[in-house]
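Values in this text are rule-based calculations from the coordinates and carry no lab data. What you see is a predicted model; the values in this text were computed from it and never measured. We place every Cβ from the backbone using ideal geometry, glycine too, and count neighbours over all the protein chains shown.
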Amino acid sequence: MSEPTKEHPWIDIAPGIRRRTITHGTSMYQQIAQLDAGSLMPEHKHPQEQIVYILEGRMKLIVSGVPHELKGGDSFYLAGNVPHGVETMVDTMVLDTFSPPRDDYLALDEAARANS
């Protein structure tokens, strides 16, 4: 489990998109993501369930080919292994919660800390 004072690094995950782990436990993981206007997250999927909460900005979440325009205050639930991607219209900040945790992201955090 992460400690509240532990600093997690910013990690680039796509051009114009970066994320930082907020905290995690044995069954949950939470991150914040910054998406620049015009950035694209290619379609992908993962086994974790995900809740997307838009803190500010506006983006199009494309789920199984169907676009959903989301703005600050909106949220969206994604079941595991559902294909999804993002198109960002303006600078956007997102809070993502995953269950179970994103061990792949935690491993990237550790590698980034080791290389800094």
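Miscellaneous remarks
- Of all residues in segment 35-48, exactly one satisfies the criterion of being among the polar types (S, T, N, Q) and farther than 19 Å from Leu78 by Cα, namely Ser39.
- Tallying residues that are surrounded by 13 or more Cβ atoms within 10 Å (Cβ to Cβ) and not in a loop (DSSP other than H, G, I, E, B) within segment 96-116 yields 9.
- Subset tally (residues that are in a strand (DSSP E or B) and either surrounded by 17 or more Cβ atoms within 10 Å (Cβ to Cβ) or of a type outside the set (Val, Ile, Thr) (or both)) for segment 33-61: 19
- Meets criteria (surrounded by 19 or more Cβ atoms within 10 Å (Cβ to Cβ), of a type in the set (A, V, I, L, M), in contact (Cβ under 8 Å) with a residue 12 or more places away in the chain and within 16 Å of Ile32 (Cβ to Cβ)) for Met93: no
- Looking at Gly16, Gly85, Gly73, just one residue is over 17 Å from Phe98 (Cα atoms) and within 14 Å of the chain's Cα centre (by Cα), and that residue is Gly16.
- Of the numbered criteria (1) free of Cβ contacts under 8 Å to residues at least 40 places away in the same chain; (2) not in a strand (DSSP E or B), the one Tyr77 fails is (2).
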